[in-house]
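The values are calculated or read from the model by the stated rules, or taken from the named source; none is laboratory data. Predicted model, so just to flag it, every value in this text is computed and none were measured. Cβ atoms come from the backbone with ideal geometry, glycine included; neighbour counts cover every protein chain shown.
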Amino acid sequence: MKRILGLILVLVMAMSVVAGCGGSGNDTETTGSSTASDKFYIGGIGPITGAAAIYGQGVKNGAQIAVDEINAAGGINGYQIEYKFEDDEHDAEKAVNAYNTLKDWGMQILMGTVTSTPCMAVSAKTAEDNMFQVTPSGSSPDVIVGDNTFQICFSDPNQGIASADYIAENALATKVAVIYDSSDVYSSGIYEKFASQAESKGIEIVAAEAFTADNKSDFSVQIQKAKDAGAELVFLPIYYTEATLILKQANSIGYKPLFFGCDGLDGILGVENFDTSLAEGVMLLTPFAADATDKLTQDFVATYKENYGEVPNQFAADAYDAIYTIKAAIEKSGATPDMSVSELGDALKGAMPEIAVVGLTGKGAEMTWAATGEVSKKPMAVTIKNGVYTAN
Amino acid sequence: MKKKIGMNKSTYNNMITLGIVVAAYIIIQILISTGSVSSLMEGLLVPLCVYVILAISLNLTVGILGELSLGHAGFMCVGAFASAFFSRLTEDLITATYLRFLIALIIGAVCAAIFGIIIAVPVLRLKGDYLAITTLAFGEIIKNVVNVMYVGKDSTGIHFSMKNAMDLNLKEGGDVIIKGAQGITGTPTDSNFTIGIILVLVTMIVVMNIIKSSTGRAITSIRDNRIAAESIGINITKYKVITFAISAAFAGVAGVLYSHNLSTLTATPKNFGYNMSILILVFVVLGGMGNIRGSMIAAIVLTLIPEYLRFMQDYRMLHKRKGAE
């Protein structure tokens, strides 16, 4: 008898799980369709927990500021925006789950995802649904294979090329060492293009040292090799967490070359227990500097500080621009919220190559898009001086 | 009741477990056709099958053989990459989706089983914690080797490098299939829920029958008393290797299903690292060692919880940490 009772309980449990799912699906569908006609539903996806959380937080908050501003100013063509952000833990599978959750909520346009690998998985799904997608910072070229996905940030190859160009044009160094993360898409993507571009620009790569995600606390070997090879500049196409350790360890052996990085280094001054004086003189190629003097940037930084108590990083700025880009595309195409997801997708991707947006991340110049989804805007280098990012 | 249908207790029990899976499949299919399943649930169906297969296959090693293995995600990684590589390579040659997926499935399972044997032979002299540590290391090694592999194809054949994509020296029109840490992108998404459920059923039937066979009795006798088993002439190494290989093969099957579900496949610490191995172990421990139905239910519940607790924001991570640490 006990066994039969147990079985019945298991069946009841299994049924309630399935029924529960069905039920919640129904609820969201009805709320989605009853309110969808007077508001644009924009979803966001990114890592707000885990190792890349600082990027996801920046995007979440930056987009929120843009949405609040637009709603306060009367919305897009008179339609208000509904905005919701879901966590993907920097994982492709979780990102797809987050995407499906947002679809249940009634999402019509996706602003995301923040990091490249999850973004590839999600953009395959948005391509199936023909949903319009703008990624603020998914920088791999594989992200925009679908014609419905557009980037706000530079692609990885372009960052590598731009870095090599910048170093050559400003004659920063001729002997360069590279320390990169071979287990990371972003880092190895930039390194490959940097290496081929450096060769044609007459920059000699004297040491190219890799590390992996499992082995990133001790960099003394890589630094020593760079030092022995006589590198005048160390190129760091990596994220800021590892960069702080490299700076610390290079300082402890008395090695003081010029350090040069890409947008992954943005956020280095916000690392806890890091002596920011070590980052003095570090140059990074990033589209956004929080100390820029134009009114748009200053207002954004002031609002961000007031709401979240931090100086915004480049990711927040990318997200802010992403929301305004969506707004510009909607205005250009005259799309309305009562259109279906696929109709909106068609209308907006048709409008994208025709619009030009002036935002936080274009050095005050206009950003334009190719139909392939790639952005064209001005790169910008900043140097860390007296503990703040200073535009060059 | 048992007497009436003429089955013994364990067969009866197994039939119920299979019945639950079939019933769940039918209910979900009905709900999908009436449009009352949320997109989230629909997206989770294939991952659920993946985790159920992983939990059942690890149960064979941990529950039936009684050895703690922490390298299960590594075998899954082998199956995922081997099969995704094959599918990408033959995407244009074999256009029949099911045929291609079937071959990919066999390749994934066989590759994972070979790795299972390679790892089992030297490692199985170890016991308990030492075995756990070594399997954990092997899982990590597999993941790291995959991360430095560059494989491309062009008109002259397949090229391989451990350095970088430029080193492949591909001819014009060549295609880099495995791009080191960037993994494999553009895998055809051949997995679906029906295939997933069929694979779950196959896994269950195979594992259940192994447990009931003379092989299974030999394996459980090794678990319960190694010395006694040896004294009656059971070849311990042979049975351990068999169990490891079968367990790894099904982890490979789960990997095939996983890699053909999303269009991108990368070996990150998150999906193929030891955290994943521990998560699978948590399914097995929570569901009960040696209990197939239990590990199936545990895998489903533990996968659904974090997704259905999204409204709790950051707090939803607490339950998982509690399980893993």
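Things worth noting here:
- Flag for A:K332 being basic (K, R) and touching a Phe, Trp or Tyr at 6+ places or on another chain (Cβ under 9 Å): no
- Candidates B:G139, B:G116, B:G183 - the one that is under 19 Å from the mean Cα position of the chain (by Cα) and away from chain A (no Cβ under 14 Å): B:G116
- Here the condition is being within 20 Å of the chain's Cα centre (by Cα) and outside any helix (DSSP H, G or I); of B:S69, B:S87, it holds for B:S69 alone.
- Matching residues in the stretch B:248-270 - criterion: being of a type in the set (G, A, S) and not in a loop (DSSP other than H, G, I, E, B): B:A248, B:A249, B:A251, B:G252, B:A254, B:G255, B:S259
The rows are residues; the columns are (1) within 14 Å of chain A (Cβ to nearest Cβ); (2) under 22 Å from B:L265 (Cβ atoms); (3) touching a Pro at 6+ places or on another chain (Cβ under 9 Å); (4) of a type in the set (A, V, I, L, M, F, W, C).
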residue	(1), (2), (3), (4)
B:V121	no, no, no, yes
B:L131	no, no, no, yes
B:M149	yes, yes, no, yes
B:K153	no, yes, no, no
B:T156	no, no, no, no
B:L170	yes, yes, no, yes
B:S191	yes, yes, no, no
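- Considering residues of the stretch B:12-48 that are of a type in the set (S, T, Y) and either free of Cβ contacts under 8 Å to residues at least 24 places away in the same chain or within 9 Å of another protein chain (Cβ to nearest Cβ) (or both) only, the residue farthest from B:I280 (Cα to Cα): B:T34
- Yes/no for A:D87 being touching a helix residue (DSSP H, G or I) at 6+ places or on another chain (Cβ under 6 Å) and facing chain B (nearest Cβ under 8 Å): no
- Selection status of A:V134, of a type in the set (A, V, I, L, M, F, W, C), without any contact (Cβ under 8 Å) to a residue 60 or more places away in the chain and touching a helix residue (DSSP H, G or I) at 6+ places or on another chain (Cβ under 9 Å): no
- Comparison of A:V178, A:V206 shows that the only residue that is at pLDDT 90 or above, surrounded by fewer than 20 Cβ atoms within 10 Å (Cβ to Cβ) and not in a loop (DSSP other than H, G, I, E, B) is A:V206.
- Of all the listed residues (A:T336, A:T325), the sole one being more than 23 Å from A:A391 (Cα to Cα), among the β-branched types (V, I, T) and not in a helix (DSSP H, G or I) is A:T336.
- Checking the stretch B:205-212 against the condition returns no match, with no residue being among the charged types (D, E, K, R), touching a Ser or Thr at 6+ places or on another chain (Cβ under 8 Å) and within 17 Å of B:A254 (Cα to Cα).
- Some residue of the stretch A:59-67 being charged (D, E, K, R) and within 11 Å of the chain's Cα centre (by Cα): yes
- Answer from A:A98, A:A53 - the residue that is within 14 Å of chain B (Cβ to nearest Cβ), surrounded by 24 or more Cβ atoms within 10 Å (Cβ to Cβ) and among the small types (G, A, S): A:A98
- Set side by side, the residues B:G255, B:G288, B:G233, B:G294 differ, and just one is within 14 Å of chain A (Cβ to nearest Cβ), modelled with pLDDT of 90 or more and surrounded by fewer than 18 Cβ atoms within 10 Å (Cβ to Cβ), which is B:G288.
- Residue check, B:D167 among the charged types (D, E, K, R) and either under 20 Å from the mean Cα position of the chain (by Cα) or buried (at least 19 other Cβ atoms within 10 Å of the Cβ) (or both): no
- Flag for B:A96 being free of Cβ contacts under 8 Å to residues at least 12 places away in the same chain and closer than 19 Å to B:F193 by Cβ: no
- Only listed residue being assigned to a loop (DSSP other than H, G, I, E, B), surrounded by 23 or more Cβ atoms within 10 Å (Cβ to Cβ), of a type in the set (F, W, Y) and away from chain B (no Cβ under 11 Å), chosen from A:F154, A:F194: A:F154
- Residue match in the stretch B:49-66 (condition: closer than 23 Å to B:R217 by Cβ, part of a loop (DSSP other than H, G, I, E, B) and away from chain A (no Cβ under 14 Å)): yes
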